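Shown next, in structure tokens, is the structure this report addresses.
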Amino acid sequence: MAERLTPGTTAPDFELTSAGGEQVLLSGLRGRKVIVYFYPAASTPGCTTQACDFRDNIASLAGAGYQVLGISPDKVAKLETFVANESLTFPLLSDEDHAVAEAYGAWGEKKNYGRVYEGLIRSTIVVDEDGKVELAQYNVRATGHVAKLRRDLGLD
């Protein structure tokens, strides 16, 4: 498992394909603050709750200068269905080989009902205008996460 990121370190750059087929390059967003959130699977109850929470807060987050990017190991086609079904208004990116999740410390050992396995750890990393980690949160809860994130960023 990769090291978890800590504030002040440089966020690993990445280029991933979005729902819609565009290539999104983190370094291409320099000069903007970016909220990168990792979620396990599109169209599952917790991930839908979290994505809709970001969608419902996107105007105020954008108004505060934040770009939101959601990343999961899903294929692009599944992400496109998720975006359409939930009217999501921010990019969802496909990390099928979970290389970006690993680089961000968002892939590792999980426990569920006594079973131990490797998987995506629900995480949120806030990257500042210079590409440095401003905030790194791991094992976040899907419900209420955006409200907590807004408080942690001093937006509320």
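Note on residue 75/residue 156: beta-carbon distance plugged into 1/(1 + (r/R0)^6) with R0 of 30 Å gives a FRET efficiency of 0.25. Modelled label positions at residue 147 and residue 130, each set 7 Å beyond Cα in the direction of Cβ, lie 3.5 nm from each other. Between the amide H of residue 43 and those of 48, distances stay under 5 Å, these residues lying 5 or more places away or on another chain, with hydrogens modeled in the peptide plane.
Working note: Debye formula, equal point scatterers on the alpha-carbon atoms of the chain, no solvent; log10 I(q)/I(0) at q = 0.21 Å⁻¹ is -1.59.
Here the Karplus curve 6.51 cos²θ - 1.76 cosθ + 1.60, taken at θ = phi - 60°, turns the phi angles of region 36-48 into couplings of 9, 10, 9, 9, x, 7, 4, 6, 9, x, x, 5, 5 Hz, with x standing for Gly and Pro.
Between residue 116 and residue 137, the simple spin-label model (points 7 angstrom out along Cα→Cβ) gives 2.8 nm. Taking a sphere under 10 Å around the Cβ of residue 8 and counting the other residues whose Cβ falls inside, with K and R at +1 and D and E at -1, yields a net charge of -1.
Distant-in-sequence amide contacts of residue 98, defined by a placed amide H-H separation under 5 Å and a gap of 5 or more residues or a different chain, comprise nothing.
Each value in this text was obtained by applying a stated rule to the coordinates, not by laboratory testing. All figures in this text were calculated on a predicted structure; none of them were measured in a lab. Virtual Cβ from ideal backbone geometry, glycine too; neighbours counted across all protein chains shown.
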